[in-house]
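Beneath this line is the structure, given in structure tokens, with notes to follow.
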Amino acid sequence: MPSFTPGRRHRTVDQQTIPGGKGVNVARALKLLGQPVIATGIIGGATGTRIIEALNDESILNAFFRIRDESRTNMALLDPTTGVHTEVNERGPSVSEHEFALFQERLLYLARGASMCVFAGSLPRGLEPETYAELIRSVGKLGLTTVVDTDGEPLKLAVRAEPDVVSPNELEAEELAGHEFVGVDDRARAVIEIARQGPSEVIMTVPDGCYGYVREGAGHALYRLTIPPLEARSPIGSGDAFLAGYVASRYEGKEPVECLRFGVACGAESTQHVGAGIIDTNAVERLLDSVVAEPVTLPVEVE
Ligand SMILES: Nc1ncnc2c1ncn2[C@@H]1O[C@H](COP(=O)(O)OP(=O)(O)OP(=O)(O)O)[C@@H](O)[C@H]1O
Ligand SMILES: [Mg+2]
């Protein structure tokens, strides 16, 4: 939508409708990376039916649980004249306790055939903020690697459930740490502080890369990765592409720092496409060399 101005009537010059939500975006990116993945969650109504049809068209395997309420439709308005994007997110459906219990049963069934489980996105209305924490505990008990990307209270409670990996962006990490970050040392210290709250590993994405406090050998190592900024066509979903890249590498058993590197390249490459979770694997390979990884010496007072 060129020259988008609040208060005016607009016409789109181009438009597309694709299934979204962080979990679906991560699944799309994993599928494009050639990894076996099943998208699950809660959907409903005619919009829910369209979501499933569109996922099937994209060959993204899915096993959603159907609820009574209608799934929401969110709108992202991209103004090509300024590059500014504006989001309008509908209030989502409400989920009853009974519906959630049935979904949980499905998730645990699927988990029996999986080795990693990514919990991503906000919680629908009607669910308690402890929901992710509970799911992490039950899926973790089955021996899966649990990865979390959400925000607010559900994230605070989720980290205490000791997931394997939590991957907040900077803002979400500041909320977890309870203060704003200034400088490299401060950010490095913050990921360690967050790890003390429960998760085994903490990855904080920042606009120019990430900080990763990851298991290495018998202990932990802290890395800072940077990438020269690309001119973004659409920045939406770069965090989801990052996470998919990280998870794909980890699933393949790569070294921690290489998993982070691949994640950063995927996040960066995804900014070149309109549509969340879309990445071009060849372009990702070409970006890998521009990602600089350096160990961060841990501040003495925290180790
Ligand atoms: N313009 C850009 N150029 C290069 N890399 C980028 C750019 N924008 C984002 N990235 C990369 O993408 C990754 C994720 O970025 P960010 O922290 O902004 O995610 P996010 O806020 O969770 O995004 P979203 O929630 O929309 O998916 C980071 O590793 C970052 O380096
Ligand atoms: Mg994010």
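Read-outs: derived from the displayed coordinates by stated rules, not from any lab. Computed from a prediction, not measured in an experiment: that's the story for all the values here. Using ideal geometry, Cβ is built from the backbone for each residue, glycine included, and neighbour counts are taken over all protein chains shown.
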Inset, instruction - For a quick protection proxy, order the peptides 242-252, 39-49 by their average other-Cβ count within 10 Å, most packed first. - result: 242-252, 39-49
Inset, instruction - Translational diffusion coefficient, Stokes-Einstein: compute it for region 22-302 using the Kirkwood radius over C-alpha pairs as Rh, at 10 °C and 1.306 mPa s, and state it as an integer in µm² s⁻¹. - result: 83 µm²/s
Inset, instruction - Taking H placed 1.01 Å from N in the peptide plane, check which residues at least 5 places from ILE42 or on another chain put their amide H under 5 Å from its amide H. - result: PHE65
Legend entry - Calculated FRET efficiency for the pair GLU70/TYR109, C-beta based, R₀ 25 Å, to 0.05: 0.50
Inset, instruction - Work out from phi, with θ = phi - 60° and the Karplus expression 6.51 cos²θ - 1.76 cosθ + 1.60, the ³J(HN,Hα) of each residue of region 136-151, listed in order in whole Hz, and give x for Gly and Pro. - result: 4, 5, 6, 6, x, 4, 7, x, 7, 7, 9, 10, 10, 9, 9, 9
Legend entry - Normalised contact order of region 131-203, rounded percent, pairs of Cα under 8 Å and 6 or more residues apart: 32 percent
Inset, instruction - Compute the convex hull volume of the Cα atoms of region 96-217, divide it by the residue count, and report the result per residue in Å³ as a whole number. - result: 106 Å³
Inset, instruction - With label points built 7 Å along Cα→Cβ from the Cα atoms of ASP185 and ARG233, find their separation and express it in nm. - result: 4.2 nm
Legend entry - Dipole moment magnitude, nearest 20 debye, region 60-139 about Cα centre, only Lys, Arg, Asp, Glu C-beta charged: 260 debye
Legend entry - Sites matching trypsin sites (Lys or Arg not before Pro) across region 77-168 that sit in DSSP coil, with at most 13 neighbouring C-beta atoms within 10 Å: ARG91, ARG112
Inset, instruction - For region 219-261, list log₁₀ I(q)/I(0) at each q in 0.18, 0.28, 0.31 Å⁻¹, using the Debye formula over Cα point scatterers of equal strength and ignoring solvent, two decimals each. - result: -0.64, -1.08, -1.13
Legend entry - Other-chain or far-sequence residues with amide H under 5 Å of VAL148's (modelled H): PHE119, VAL165, VAL166, SER167
Legend entry - Relative packing of peptides 189-196, 259-266, 96-103 - highest average C-beta neighbours within 10 Å first: 259-266, 189-196, 96-103
Inset, instruction - Arrange LEU144, LEU61, LEU155, LEU30 by Cβ neighbour counts within 10 Å, fewest through most, would you? - result: LEU61, LEU144, LEU155, LEU30
Legend entry - Pairwise Cα inverse-distance average, inverted: Kirkwood Rh of region 4-43 (Å): 12.9 Å
Legend entry - Signed unit charges on C-beta, dipole axis of region 22-302, positive-most listed residue VAL95, VAL291, ALA114: ALA114
Legend entry - q = 0.17 Å⁻¹, region 213-303: log10 I(q)/I(0) [Debye, one scatterer per Cα]: -0.70
Inset, instruction - Find out how many positive minus negative residues lie around LEU107, taking Lys and Arg as positive, Asp and Glu as negative, among other residues whose Cβ is under 13 Å from that of LEU107. - result: +1
